[in-house]
């Protein structure tokens, strides 16, 4: 009975030692020091094709923001040289106002091409692509 306990305790000990080493190698939680700020209609505006009502390109149902973009969509304003897009533009909580970190989930349907998931201002290329 005693020798069987070693087979339970030894793997547990090795797991704990491994976790401690992983924490040392990879450092602290990257969210440490940040304060969670909820995304509300007070701090964002939806940018969508200028000639289409927002309801045809954006919805917020059960806590999920959904966006639709089609290759034939117009830009968000007449005369804009930008590609078609529907996106949330965060107001007051952007890269001009300090250090910010965004966390969210994304889903791009199979067969989609050229979708931009996030735009990183000030980076070399500027975008992360799917």
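The values are calculated or read from the model by the stated rules, or taken from the named source; none is laboratory data. Predicted, not measured: the structure shown is a model, and the values here were computed from it. Here the Cβ positions follow ideal geometry from the backbone for every residue, glycine too, while neighbour counts run over all protein chains shown.
The residue that is modelled with the highest pLDDT, counting only those in segment 64-106 that are within 15 Å of residue 43 (Cα to Cα) and in a strand (DSSP E or B), is 65.
Could you check, for segment 26-44, whether at least one of its residues is part of a helix (DSSP H, G or I), at pLDDT below 80 and more than 18 Å from the chain's Cα centre (by Cα)?
yes
Taking segment 45-63 as the range and being surrounded by fewer than 10 Cβ atoms within 10 Å (Cβ to Cβ) and either at pLDDT below 90 or not in a loop (DSSP other than H, G, I, E, B) (or both) as the test, the residues that pass are 55, 61, 63.
Kindly indicate which of 85, 89 is in contact (Cβ under 8 Å) with a residue 40 or more places away in the chain and surrounded by 10 or more Cβ atoms within 10 Å (Cβ to Cβ).
Working: 85 fails: in contact (Cβ under 8 Å) with a residue 40 or more places away in the chain.
Exactly one residue qualifies, and that residue is 89.
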